[in-house]
Amino acid sequence: MSQQPVVAVLGLGAMGHAFAANLLKKDFVVRGWNRTRAKGEDLLDAGLQLSDSAAQAVEGADVVIAMLSDGDTTRQTLTEASSALKQGATVCQMGTIGVEATDALIADLQQARPDVLFIDAPVSGTKAPAENAQILVMASGDQSKAQAAEQVFAAIGKGTQWLGEAGASSRMKLVVNSWLIGLMQSLAESTRLAEQFGFSTDDLWKVLDGGPLAAPYAKMKLGMIASGDFTPQMHLVWALKDARLALDAAGETKLPALENIVDVWQQAVDAGYGEQDLAAVYQYLKR
């Protein structure tokens with residue numbers, strides 16, 4: 001294998017922090033930046049080079065990971081850092097920022113830095129899988145030039161699925177998250193119905209586990225519901241953001257169930273559940 005690329009991680013929230021930690025464990029040189037500097041300070045002893053600005057972090061980096069909260073923040077951050085990017089660097093946008101922002105970001109970088117390789121690479125997986133390098137990377141862009149990016153993906157995940165031209169992955173990410181969001185709402189409602197009939201979450205899982213409906217994701221969320229511990233793997237407020245991005249991107253395609261979920265989840269956020277795991281929608285329904 002060729003020499004490991006120097007990596008800059010922009011955004012050290014739950015996912016970006018996990019990426020940086022896994023890269024450090026595998027002896028990559030890692031530079032990090034976060035608007036709230038304290039989020040990266042616990043990785044200093046592991047070797048993280050914590051920067052005061054995104055531009056400082058990307059200087060000399062072969063691969064730049066952007067894992068930021070939304071499209072506007074991502075575009076602003078990468079625009080401010082674009083002039084400092086190494087010649088021929090690879091920029092991997094790994095957050096869920098939607099179709100419109102992704103396409104705009106591709107155009108931004110093509111105009112400002114045509115020498116830079118852009119890889120659209122959101123992931124399937126939440127906090128715990130990210131910490132254990134068990135996420136799936138959904139990548140799109142020029143794979144023939146993405147050897148450095150693939151080294152990074154191999155260090156932070158369990159596999160990479162290439163989906164075509166840059167921008168395709170952000171579209172697939174909305175598809176996957178729409179399925180996940182629908183599953184969570186259905187699971188919360190099914191659990192409420194099971195309780196009405198006198199069944200426990202354990203009873204429900206035992207029946208699911210006996211057939212083709214035994215999704216591991218459902219087992220994990222039923223565990224949260226049973227314990228009452230909704231420590232966020234994916235915040236409800238961010239899941240709601242993703243649902244809205246999917247509806248925005250759908251255009252004329254009718255998604256009535258997702259529209260209804262957005263209404264319910266907005267009510268749950270307004271009721272104070274937004275900073276808990278999305279499984280907390282069960283608690284909102286139980287009120």
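The values are calculated or read from the model by the stated rules, or taken from the named source; none is laboratory data. Worth saying up front: this structure is predicted, and the values here are computed from it rather than measured. Methodologically, a virtual Cβ is constructed for each residue, glycine included, from the backbone with ideal geometry; neighbour enumeration extends over all protein chains shown. Keep in mind that these areas ignore ligands, DNA and RNA; they rest on the heavy atoms of the full protein, side chains included. Shrake-Rupley method; radii C 1.70, N 1.55, O 1.52, S 1.80 Å.
What does the C-alpha gyration tensor say about the overall shape of the range 124-168? Classify as rounded when a/c is under 1.5, otherwise prolate if a/b is larger than b/c, or oblate. Oblate, because a/c is 1.5 or more while a/b does not exceed b/c. Near residue 82, once Lys and Arg are set to +1 and Asp and Glu to -1 for all other residues with Cβ below 15 Å from its Cβ, the sum equals -1.
Here residue 254 is the anchor, and the aspartates and glutamates within straight C-alpha reach of less than 19 Å, apart from those fewer than 8 places off in the same chain, are 100, 242, 263. Under a 5 Å amide H cut-off, with hydrogens placed 1.01 Å from N, residue 50 pairs with 32 among residues at least 5 apart or on other chains. Ranking 169, 182, 152 by how far each Cα lies toward the positive end of the dipole of the range 102-187 (charges on Cβ) leaves 182 at the top.
Solvent-accessible surface of the chain, averaged per residue with a 1.4 angstrom probe and all protein chains in place: 47 square angstrom. Relative contact order of the chain, taken over Cα pairs closer than 8 Å and 6 or more residues apart, is 14 percent.
By DSSP, what percent of the beta bridges with both residues in the chain are antiparallel, rounded to the nearest 5?
Beta bridges within the chain, antiparallel portion: roughly 15 percent.
Taking R0 as 30 Å, what's the FRET efficiency between residue 214 and residue 286 from their Cβ-Cβ distance, rounded to 0.05? With a Förster radius of 30 Å, E is 0.80.
A protection proxy built from the mean count of other Cβ atoms within 10 Å ranks the segments 210-223, 61-74, 110-123, most packed first, as 61-74, 110-123, 210-223.
For volume of the Cα convex hull per residue in Å³, computed directly from the structure shown, the correct entry in [x] 236; [y] 127; [z] 141 is [z].
Please get the size of the charge dipole for the range 1-119, origin at its Cα centre, with Cβ charges of +1 on Lys and Arg and -1 on Asp and Glu, quoted in debye to the nearest 20.
On the way: 9 positive and 14 negative charges, 45 e Å.
That gives a dipole near 220 debye.
With helices as the sole contributors, the chain gives -15500 deg cm²/dmol at 222 nm; each DSSP H run of n ≥ 4 counts as -39500 (n - 2.57), and the sum is divided by every residue. Measuring between alpha carbons in the structure, the pairs from 127/219; 127/173; 127/158; 173/241; 25/173 lying more than 23 angstrom apart are 25/173. Placing +1 on the Cβ of every Lys and Arg and -1 on the Cβ of every Asp and Glu, with nothing else charged, gives the chain a dipole about its Cα centre of roughly 360 debye. For the range 1-147, the gyration tensor built on C-alpha atoms gives a rounded shape. Its axis ratio a/c (a ≥ b ≥ c) stays under 1.5.
The share of accessible area on the chain that comes from carbon and sulfur is 51 percent, using a 1.4 angstrom probe.
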